[in-house]
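S.K.: Next up is a structure, given as structure tokens.
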Amino acid sequence: MRVLVVDDLALHRLMAVVLMSTPGAAPRYAWTGANAVLLVGASRFDLILLKAGNSCVPAMVVAADIRQAERESLIHHRAHIVACTSVQASFDDCLVPGSGLTGAIKSPWTVDSMSGCLERWFPQRFWRGEVREVSGR
């Protein structure tokens, strides 16, 4: 699984490595939304964790740019884009039509919140933080 973590704090990027190493995800990192858009244009990601701060609005702007990069890319793959907010957000709080976001999780991440995120958007591969074999892959 290819994961892009978009966050300017080294501590959050380190937490992503620790939390995702067990489930079998291979995270890459971008420090800014602009860096994320460039990476998405050149690589395929299954999940993008996007730092959103106190609101989903900045993440929606970056998500729209990422969706544009996906459309223009030769890779033609649509990733799940999840806003990581510092306030409690339900998975559906950021699902504004046309925003490009798939959902939201609360930051800072915990093992439970990251496992829940992976289970929600990749149920065929993850269950309780364990990697499942996917037939045909």
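The values are calculated or read from the model by the stated rules, or taken from the named source; none is laboratory data. Since the structure is predicted, the reported quantities are computational estimates derived from the model, not experimental observations. As a convention, Cβ positions derive from the backbone with ideal geometry for all residues, glycine included, and neighbour counts pool all protein chains shown.
S.K.: Would you point out the residue of the range 1-24, among those that are among the β-branched types (Val, Ile, Thr) and within 19 Å of Arg44 (Cα to Cα), that is modelled with the lowest pLDDT? Talk me through it step by step, then tell me what you get.
M.R.: So the first thing to find is which residues in the range 1-24 are among the β-branched types (Val, Ile, Thr), and the list is 3, 5-6, 17-18, 22.
When the remaining residues are screened for being within 19 Å of Arg44 (Cα to Cα), the result is 3, 5-6, 17.
Values: Val3: 86, Val5: 89, Val6: 90, Val17: 73.
So the residue we want is Val17.
S.K.: Can you confirm whether the range 107-123 contains a residue that is modelled with pLDDT under 80, surrounded by 13 or more Cβ atoms within 10 Å (Cβ to Cβ) and within 16 Å of Val57 (Cβ to Cβ)?
M.R.: The answer is yes; a qualifying residue exists.
S.K.: Would you call Ala59 modelled with pLDDT under 80 and either under 12 Å from the mean Cα position of the chain (by Cα) or in a strand (DSSP E or B) (or both)?
M.R.: Working: modelled with pLDDT under 80: no; either under 12 Å from the mean Cα position of the chain (by Cα) or in a strand (DSSP E or B) (or both): yes.
No: the conditions fail for Ala59.
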